[in-house]
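The structure under discussion appears below in the form of structure tokens.
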Amino acid sequence: MTKLYGAGEAQVAALRGVSVELAQGEFTAIMGPSGSGKSTLMHCLAGLDAVTAGDVFVGDLQVNGMSDKELTRMRRSQIGFIFQQFNLLPTLTAEENILLPLSIAGRKPSKDWFDRVIDTVGLAGRLAHRPTELSGGQQQRVACARALVSQPEVIFADEPTGNLDSTSGTEVLKFLQYSVRTLGQTIVMVTHDPNAASYSDRVVFLADGQIVDELREPTADTVLDMMRKIDVQARVA
Ligand SMILES: Nc1ncnc2c1ncn2[C@@H]1O[C@H](COP(=O)(O)OP(=O)(O)OP(=O)(O)O)[C@@H](O)[C@H]1O
Ligand SMILES: [Mg+2]
């Protein structure tokens, strides 16, 4: 994938020949310095932004070249999103927020699956509450449940713990890890935090629009070492 923004003197190459396969049923973290292209990569993979060159597939679906209508349909049925700012609707209850994407798509979850997701996120007693009546961690768990309930092919999370204290952040990360291990969900998470990345199965490191390294079964320490190494390489280059 290549992604160029702007033209002429002001042109920025946000992705410069990125080739990556993100396995089904795996929890992948994407790391790299600010401006290295993490959000751009996520947006191109999720069909929120178009690549300038290259091909993007979600399962068997070719994302590049889709019409706006096809992209909307694909995002609704195949993809779940979790953002740093929760993005819950304040006038809806937790349950209504969780079911909103499905109801927009005119679908209903199976009762069993809904109950399992609610049970997994630990929100059973909170379904009638509005976002303002929930803690940050609970709000983000509502957002996780909303992403999971449609059983998407892949969930993309951009800094999902960026606005949370470490206790709530850990709850959300454990939940994401659990949903991969027991529900077989596929998750791709952008993060700056070595501790957050340590909950993933694989960390892909970006620098200046290119993949420069990766780690499997990361720990916070091995991630931190890799971040230092990439930082040193960037200064030498
Ligand atoms: N819409 C845009 N128009 C022009 N340039 C853009 C646009 N979006 C991103 N860029 C540029 O592309 C590069 C990669 O940006 P991106 O947002 O993907 O970085 P990031 O790794 O997510 O950074 P951060 O950690 O700060 O969120 C940066 O140089 C950025 O300025
Ligand atoms: Mg970003």
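The values are calculated or read from the model by the stated rules, or taken from the named source; none is laboratory data. The structure presented is a predicted model; accordingly, all values stated were derived computationally and were not measured. Note that we place each Cβ from the backbone using ideal geometry, even for glycine, and neighbour counts take in every protein chain shown.
Worth a mention:
- Selected residue (only one of ALA29, ALA53 is of a type outside the set (Lys, Arg), within 16 Å of ligand 2 (Cβ to nearest atom) and at pLDDT 95 or above): ALA29
- Within the range 156-237, strands (runs of 3 or more DSSP E) holding 1 or more residues that are out of contact with any strand residue (DSSP E or B) (no Cβ under 7 Å at 6 or more places or on another chain) and at pLDDT 90 or above: 202-207
- GLY106, sole failed condition from (1) closer than 19 Å to SER150 by Cβ; (2) within 13 Å of ligand 1 (Cβ to nearest atom): (2)
- Of the residues making up the range 155-170, those that are farther than 13 Å from SER198 by Cα and surrounded by fewer than 20 Cβ atoms within 10 Å (Cβ to Cβ) are GLU159, GLY162, ASN163, ASP165, SER166, THR167, SER168.
For every residue, the table says whether it meets (1) among the small types (Gly, Ala, Ser); (2) closer than 21 Å to VAL188 by Cβ; (3) touching a helix residue (DSSP H, G or I) at 6+ places or on another chain (Cβ under 7 Å); (4) loosely packed, with under 15 Cβ neighbours inside 10 Å.
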site	(1), (2), (3), (4)
SER77	yes, yes, no, no
HIS129	no, no, yes, no
GLY136	yes, no, yes, no
ALA143	yes, yes, no, no
GLU153	no, yes, yes, no
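- Pairs meeting the criteria (first residue in the range 36-49 and on the phi > 0 side of the Ramachandran plot and more than 8 Å from ligand 1 (Cβ to nearest atom), second residue assigned to a helix (DSSP H, G or I) and of a type in the set (A, V, I, L, M, F, W, C), beta carbons under 7 Å, at least 6 apart or on different chains) are GLY47/LEU71; GLY47/MET74.
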